[in-house]
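What follows draws every value from the coordinates through simple rules; no lab data is involved. It should be emphasised that the depicted structure is a prediction, and the values quoted were computed from it without experimental measurement. Cβ coordinates were reconstructed from backbone atoms using ideal geometry, including for glycine residues, and neighbour counts include every protein chain displayed.
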Amino acid sequence: MRILGIDPGLRKTGFGVIDVHGSQLTYIASGTIVVPTEQRLAARLQVILDHIREIAALHQPTHSAVENVFVNMNPHSTLLLGQARGAALCALADSGLEVYEYTALQIKKTIVGRGHADKAQVQHMVQHLLRLNGTPAPDAADALACAICHAHHYPLQQQLQTQQHVSPHLTRTRGGRFIGK
């Protein structure tokens, strides 16, 4: 499985590509798409769209994972972030990829072990988990963390889907347990 992780942003969009073989994670590529702030919104979104399409074409991922938007104190900023995320989602869909979404809390909890970890902790754990020689840039580290999160969650998601297809009379509770109908 090759995963393209995306950390969307209107000024900087991080990307990270990893390979997964069983429990072995291998770093392939990462970086930051720097979006020119002097351009109009539509042109900025086009930059994100074009670069993610190019990255997907170059690295040929089989899966994609995107950090989900959180609502912050400034509704205007949230809306702009949502538009950047939309451009990323369109690029991934246009590349034929199914998109899996994870909240920042899920990603941090998976990578660091606690949901309120800071950027430096995420960078350090990404460096450790992928055995990198140096610390990745913050946006690239967040994208790699998103890809790693998917690598850990996807097998469980598949098992749960298989169980539900095998036992359609079971219903999953909020706590993740199955109960009979």
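Please work out how much length the chain gains when fully extended from R53 to S77, using 0.36 nm per residue of separation minus the C-alpha to C-alpha distance, in nm with one decimal.
Full extension of this stretch gives 6.2 nm more.
Starting from the Cα-Cα distance between K109 and I28, subtract it from 0.36 nm times their residue separation and give me the gain in nm to one decimal.
Numbers: separation 81, 0.36 × 81 = 29.16 nm, distance 2.30 nm.
Value of the extension gain: 26.9 nm.
I'm spelling it out carefully: the read-out is Cα extents along the principal axes in Å, the candidates are (i) 63, 45, 25; (ii) 57, 37, 33; (iii) 67, 48, 26, and one was derived from this structure. Which label?
From the options (i) 63, 45, 25; (ii) 57, 37, 33; (iii) 67, 48, 26, the structure gives (ii).
Once the Cα atoms of helix 138-166 and of the chain are each reduced to a long axis, what angle between those two axes, in degrees from 0 to 90 to the nearest 10, is obtained?
Compared with the principal axis, the helix lies near 30 degrees.
Just to verify a number: FRET efficiency for R2 and A43, C-beta to C-beta distance, R0 = 30 Å, to 0.05?
0.50
Rounded to the nearest 10 degrees, what's the angle between the helix 119-129 long axis and the longest principal axis of the chain, both from Cα atoms, 0 to 90?
Value to nearest ten degrees: 60.
Give me the net charge of I107's neighbourhood, meaning all other residues with Cβ under 14 Å from the Cβ of I107; Lys, Arg count +1, Asp, Glu -1. Display every interim value, and only then the final one.
Numbers: positive: K108, K109, R114, K119; negative: D7, E67, E101, D118, D139, D142.
Local charge sum for I107: -2.
Counting only helical runs of four or more DSSP H residues, what would the 222 nm mean residue ellipticity of the chain come to if each run contributes -39,500 (n - 2.57) and the total is spread over all its residues?
Mean residue ellipticity, 222 nm, calculated: -16000 deg cm²/dmol.
Considering only DSSP beta bridges whose two residues both sit in the range 2-180, what percent are antiparallel, to the nearest 5? Kindly include the intermediate steps, with their values, before the conclusion.
On the way: 19 of 27 bridges.
So the antiparallel bridges amount to about 70 percent of the total.
May I ask you to derive the relative contact order of the chain, considering only C-alpha pairs under 8 Å and at least 6 residues apart, and to give it as an integer percent?
Normalised by residue count, the contact order of the chain is 26 percent.
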